[in-house]
Amino acid sequence: MLVDGKWSANWQPVQKKDEKGRFVRQVSSFRNWVTPDGAPGPTGEGGFEAEAGRYRLYVALICPWASRTLIGRSLKGLKDLIPVTVVNPVMTDEGWAFGGYPGADEDPLFGAHHIHQLYTRADAHFTGRATVPVLWDMKRNVMVNNESADILRMFNTAFQSLAPSDLDLYPADLAEKIDTLNPRVYNQLNNGVYKAGFASTQQAYDEAVAGVFAMLDELEETLEGPFLFGDRLTEADIRLFVTLIRFDAAYHGIFKTNWKRIADYPGLSAYLEKIYLTPGVAETVNMDHITAGYYSIKALNPAGIRPVGPSHIKALLDKAV
């Protein structure tokens, strides 16, 4: 991680834990918003007006948080407005790196070798993990935001005049329901799989994995339409999908969340397929990057051996070809 702008030690998956061995995720640090007129958003300062070609999105295709933003960018028709740079899925001793893997890009702005170099460009004294996604302002040469939930919401509204869309991922009449469900799914499932995988005590693991499957069981029981809130795709679906698509291929094995597979949930399996086959979603999923990245975590898989399956995930991916 970075300490006062200097890379301090080899990358480790767990930078912080509590007294009971629970994995503690870092809070995002850059929280400015792109808005239609450059006015300040819910957090941060103003001055970030929606403009075509002004912003660049840095992502890792392994990362579910980054994939949230990629899906939002695709579904909202922003691909021509916001270019993307994809990092190497295999974590190095200095964190996310550029190039060196099929489908990974070099840094087109600064020729940086690692994402952490963007963080020190944004803040010479930054302390913390250098995470993705990153939304970079190429006009002011600053980091706008590194919180995926923020970026997903700003993609939904900020560029509407430049790329009109009938799709509203955060409709006003569902906002309260979305805001109630999102943190529960995040705490128990999205981040729950990480809390299970990176637990450093049996108690922490048992607690986390119980939460993961309690949430999956609940979602299986309460799904009543093609999406979480009937027939409308919302940000809540995107946030759930990015975990489900990785579950059987990665989390079930490398994070030891192996009580059940998503394939064992008929409703969630149909839901997963419905979203994956939604135009614009499949192109954001790269299972090679996903499995290469997760199974390269040395602390969990020292030999670096990547499993060949599962076959049902390959069959799902083939449906979009």
Counting only residues that are aliphatic (A, V, I, L, M) and part of a helix (DSSP H, G or I), which one in region 145-162 is most open to solvent (accessible area, probe 1.4 Å)?
Ala149
Please work out if Gly41 is touching a residue at least 12 places away in the same chain (Cβ under 8 Å) and either surrounded by fewer than 23 Cβ atoms within 10 Å (Cβ to Cβ) or not acidic (Asp, Glu) (or both).
yes
Inside region 85-103, can you point out the residues that are out of contact with any Leu (no Cβ under 8 Å at 6 or more places or on another chain), touching a residue at least 40 places away in the same chain (Cβ under 8 Å) and open to solvent by less than 20 Å² (accessible area, probe 1.4 Å)?
Val87, Gly95
Can you name every residue in region 92-121 that is at positive phi and touching a Phe, Trp or Tyr at 6+ places or on another chain (Cβ under 7 Å)?
Gly95
Please work out which one of (1) out of contact with any strand residue (DSSP E or B) (no Cβ under 9 Å at 6 or more places or on another chain); (2) assigned to a helix (DSSP H, G or I); (3) under 30 Å from Arg306 (Cα atoms) is the condition Ile62 fails and give its number.
(2)
Do any helices (runs of 4 or more DSSP H) lying entirely in region 163-263 carry at least 2 residues that are within 21 Å of Glu283 (Cβ to Cβ), and which ones are they?
235-246
Does region 148-162 contain any residue that is farther than 17 Å from Lys79 by Cα and touching a strand residue (DSSP E or B) at 6+ places or on another chain (Cβ under 7 Å)?
yes
Quickly run through region 107-128 and pick out the residues that are at pLDDT 95 or above, surrounded by 13 or more Cβ atoms within 10 Å (Cβ to Cβ) and part of a loop (DSSP other than H, G, I, E, B).
Asp107, Leu109, Ala112, His113, Ile115
Scanning region 102-118 for residues that are acidic (Asp, Glu) and touching a Gly at 6+ places or on another chain (Cβ under 7 Å) gives Asp105, Glu106
Options Ala130, Ala149, Ala158, Ala124; residue that is in contact with a Leu (Cβ under 7 Å, 6 or more places away or on another chain), of a type in the set (A, V, I, L, M, F, W, C) and touching a residue at least 60 places away in the same chain (Cβ under 8 Å):
Ala130
On the given criteria, is Met138 open to solvent by 10 Å² or more (accessible area, probe 1.4 Å), at pLDDT 95 or above and of a type outside the set (Gly, Ala, Ser)?
yes
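The values are calculated or read from the model by the stated rules, or taken from the named source; none is laboratory data. Owing to the predicted nature of the structure, the values given are computational and were not obtained by experimental measurement. When we count neighbours, we look across all protein chains shown, and the Cβ atoms used for this are built from the backbone with ideal geometry, even at glycine. Ligands, DNA and RNA are excluded from the accessible area calculation, which covers all protein heavy atoms including side chains. Shrake-Rupley method; radii C 1.70, N 1.55, O 1.52, S 1.80 Å.
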